[in-house]
Amino acid sequence: MRKLIFVLTLLASMNMFAQFSFDETDAGVVDGGLGMSWIDGKPYYTFRFRPELSVGKFGMGLDLNLEFSSDGLRTENFNTLSDYLSIIRYVRYGRRYDPYYIRVGALDYASLGYGNIMYMYNNSPSFDARTIGMNFRLDLNSFGLEGVYSDFAQSGVLAVRGFVRPLKWTSAGSIPIIGGLTFGFTYANDMQKYAGVLQGYYDTANDKIVVQNDHGNVQMGSIDVGLPIFKNNVVDWSIYYTYTKIMDAGDGQSYGTILGLDLRLVNLKLKFERTLNNAHYLPSYFNATHEIDRYSIISDSVVTKYALLQTLDESDANGYYGGLMIDVLGAFKIYGSYERMEKVEHSGMLNLYSQITPETAPVVVRAGYSKTHMDKESEMFKLDNRSLFFVEAGYKPYPFLIVSLVYKWTFTPVRGADNMIIDYTPQKKIEPRISFVYPFNLAQD
């Protein structure tokens, strides 16, 4: 199967540890620093200011990143009005998975239901191309609604899931297992201009994309059913099933289990899923790299994710997904996942992340690795152009001060006429950094 030659961006971010959970701070944190970056071999002085404030259920995060070279301010971060507004990284009420939750701004790995349509979606794949979207959740116990809209500045991804727990309206609703039986219904629509292009090319003379055959919006729907098997203060175990149909393309099913263990000193979460994929179908279509994979320019031709679906003519491209998260006292965290489609070549994807930040030792170590387009498991740890590596190693001379060296490979947009993003290209950064991190508490409800 042909796929776009891009790798996961979550390891190129400082907020990568989010595949199973995303912890929005209960307190305030002042985070800022000075450093020097080498971006594609060119030196830049950097200034970062990234505070997070929380009062009761309300929270807000800022994200200001200035990069200066001998030519002055690097303006790639400030191309559009959305870039300026995105200095306010997010505003929220509630916390993810609360019964009442809304977040406006950058969306860090948003998921709906069991992730069969949207799983860990990120609406801002690059700091140089930030967008403002919305993620919300309303859970009224017997029924609810959750949804995502990716970009208020232009047409983007709209996804909405309604869910019901029908037994909650009956006396059976109080029964521990079957009382939590949940049915979900999801609709998603990618309305971005080039999302459904089947054929097109890049006009270099006029610096724009020419569309020759366009399917239009990419729409899909699904149903799901979930059943909690056991839940208390230590164990949270559930099973689920989903069916998904991509309009004018293929369909697929999945079934899986999620197990959480809270052992006080150690928190563990495990997810395993089996996917049954028919022709012209990809599970978790809106994933962490969707904004990059949606379309790309390859040899002056427009290649879209939706067009690539049409090349998947295998009738038995089944696959599997496994993920594991371990958190030891909040000081040592490791996340890993692996997925592949059995009869689709080069479909293996590995993702690893670890973080060591013990309070009793003056060290900070964060590292991540991902590899895509693997055909054999023996390729997992061979670094090549399908790999992405991130590492930060630092020392804390004081509890509020971190001196570190950062290496990361992120993405930067390639812009055409009218400042339109027509592609993404890898970008290497090396940055000696001094960070000031100071937590504080405000009065809460």
(request) Using only alpha carbon positions, build the gyration tensor of region 122-219, then give the equivalent ellipsoid semi-axes as the square roots of 5 times its eigenvalues, largest first, whole angstrom. (result) 41, 15, 8
(message) Using amide H atoms built in the peptide plane, which far-off residues or other-chain residues are under 5 Å from residue 89 H to H?
(response) 61, 62, 63
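Per residue Cα convex hull volume for region 213-339, in cubic angstrom?
Numbers: hull volume 16.7 nm³, N = 127.
It comes to 131 Å³ per residue, whole-number rounded.
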(message) Just to confirm a number: summing +1 for Lys and Arg and -1 for Asp and Glu over residues other than residue 334 whose beta-carbon lies under 14 angstrom from that of residue 334, what do you get?
(response) +2
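Report the rotationally averaged projected area of region 224-285 based on its alpha-carbon convex hull, in square nanometres. Walk me through the numbers before you get to the answer.
Values: hull surface 18.9 nm².
About 4.7 nm², averaged over all directions.
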(request) Over the Cα atoms of region 175-234, compute the convex hull volume and normalise it per residue, giving Å³. (result) 137
(request) Estimate the FRET efficiency between residue 34 and residue 331 by the formula 1/(1 + (r/R0)^6), using the beta-carbon distance for r and 22 Å for R0, to the nearest 0.05. (result) 0.25
(message) Just to be sure I understand the curve: with the Debye formula and one point per C-alpha of region 323-388, what is log10 I(q)/I(0) at q = 0.21 Å⁻¹?
(response) -0.84
(request) Could you work out how far apart the two model spin labels at residue 375 and residue 243 are, taking each label as a point 7 Å from the Cα in the direction of the beta carbon, and quote it in nm? (result) 3.6
(request) Rank-order 100-109, 242-251 by packing density, defined as the average count of other C-beta atoms within 10 Å over each peptide's residues, highest first. (result) 100-109, 242-251
(request) Would you list, by chain and number, the lysines whose Cα falls below 16 Å from the Cα of residue 408, excluding same-chain residues fewer than 8 positions away? (result) 42, 371, 428, 429
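Every read-out reported here was derived from the displayed coordinates using simple, explicitly stated rules and does not represent laboratory data. Computed from a predicted structure; not experimentally measured. Glycine gets a Cβ as well: all are built from the backbone with ideal geometry, and neighbour counts include every protein chain shown.
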